[in-house]
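The values are calculated or read from the model by the stated rules, or taken from the named source; none is laboratory data. As the structure is a prediction and not an experimental result, all values here were calculated from the model. Methodologically, a virtual Cβ is constructed for each residue, glycine included, from the backbone with ideal geometry; neighbour enumeration extends over all protein chains shown. Note: accessible area is taken over every heavy atom of the protein model, side chains too, but ligands, DNA and RNA are not part of it. Shrake-Rupley method; radii C 1.70, N 1.55, O 1.52, S 1.80 Å.
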Amino acid sequence: MLKYLIGSAVVFATLFVYIHSECVICDSRHDINCLYDNLPSQNCTPWDTQCFVRIEADGSTTRGCLNTLTGPEQFQCTGDSCMSCTNVQTGVGFHPGCNNIIFPEHRQRCHVCNTSINFHCADEQTNPAVICTRFVPGDECFIMRRGESFTRGCVSDEPICRQNGTCFTCAGEGCNFANVSTINLPDAPGSASISTVVSFITFGVCAIILRGLN
C-alpha cells in the first residue's frame, strides 16, 4: 500500500511539473533584452510543455509558449528561423525557460554609437559589442562619417552602408571597434535615418541596463 501511495505521489508530482511549464515570453520590437538570454520565464497554459524562439519576417526576435503559435507555425518551427524546445528533460526534471538562449547562436554583434550623443564614439571602442536589433543573414558592422560626425552600428540598421564607398564595413564580432583616425573614411551622403537614431538610443539604454545587471 505504501509503495502504491509513493508511486502515485511521484506520478502526481511528475504531472504537476509537466502541466506547469514555463517559457520566456517577449518581443524584441518592444523589449531589446529579448535578443539576449537574461529574461525570466513565465507560466504557459496547462499541458504546454514546449517553448519557441523565432526570427520574424522583419528580423526581430520573439519568444513564447509553443501553443500560442498556429498549427502550421508550430510544424514549421525548424531550421535557422525558428526553434522549439521542451521544458521536460528525462533524468533532469523541470527545466524552465528552455528558450532562454541567444538565437541564432552566432548572431552579428557590433559597436553601436553616434558622436552626437556619445563623444567617445570616435575613439577605439573597448566595451562589449551588442547584438544587432534585427537578424539578417550576412549582416556586417559599419563605421560611417558625415562631416565631423561619426556613427557605428549594424549595416542592417543603416542600408546606405550597403552602397560601395559610403561606409567602412566589416564582418565579425565587434569588428568596427577601431579609432576613426586609423581608417580612411569616405563622407557618407544624406543624414542618419530615423531607424538608426532610434537604434542608437535603444542600444544606449540597453547597454546601461545590461551593465546594471552585471
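Here are a few things to note about the model shown:
- Subset of segment 53-86 (residues that are farther than 15 Å from Ile25 by Cβ and among the acidic types (Asp, Glu)): Asp58, Glu73, Asp80
- Residues of segment 111-131 classified as modelled with pLDDT under 95 and aliphatic (A, V, I, L, M), total: 1
Rundown of residues vs (1) closer than 24 Å to Arg54 by Cβ; (2) surrounded by fewer than 20 Cβ atoms within 10 Å (Cβ to Cβ), yes/no style:
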{"residue": "Val130", "(1), (2)": "yes, no"}
{"residue": "Arg134", "(1), (2)": "yes, no"}
{"residue": "Met144", "(1), (2)": "no, no"}
{"residue": "Glu148", "(1), (2)": "no, yes"}
{"residue": "Cys161", "(1), (2)": "no, no"}
{"residue": "Cys170", "(1), (2)": "no, yes"}
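- Of all residue pairs spaced 6 or more apart or on separate chains, those with beta-carbon atoms under 6 Å, a first member in segment 70-88 that is farther than 17 Å from Ala57 by Cβ and open to solvent by less than 50 Å² (accessible area, probe 1.4 Å) and a second member that is modelled with pLDDT of 95 or more and not in a loop (DSSP other than H, G, I, E, B) are Ser84/Phe52.
- Filter result (more than 24 Å from Cys34 (Cβ to Cβ), polar (S, T, N, Q) and touching a Ser or Thr at 6+ places or on another chain (Cβ under 9 Å)) within segment 121-150: Ser149
- Members of segment 19-65 that are within 19 Å of Thr133 (Cα to Cα), among the polar types (S, T, N, Q) and open to solvent by 50 Å² or more (accessible area, probe 1.4 Å): Asn38
- Failed item in (1) over 16 Å from the mean Cα position of the chain (by Cα); (2) assigned to a loop (DSSP other than H, G, I, E, B); (3) in contact (Cβ under 8 Å) with a residue 12 or more places away in the chain, with Asn67 passing the rest: (2)
- Of residues in segment 173-182 being out of contact with any helix residue (DSSP H, G or I) (no Cβ under 8 Å at 6 or more places or on another chain) and surrounded by 13 or more Cβ atoms within 10 Å (Cβ to Cβ), the one nearest to Gly138 (Cα to Cα): Glu173
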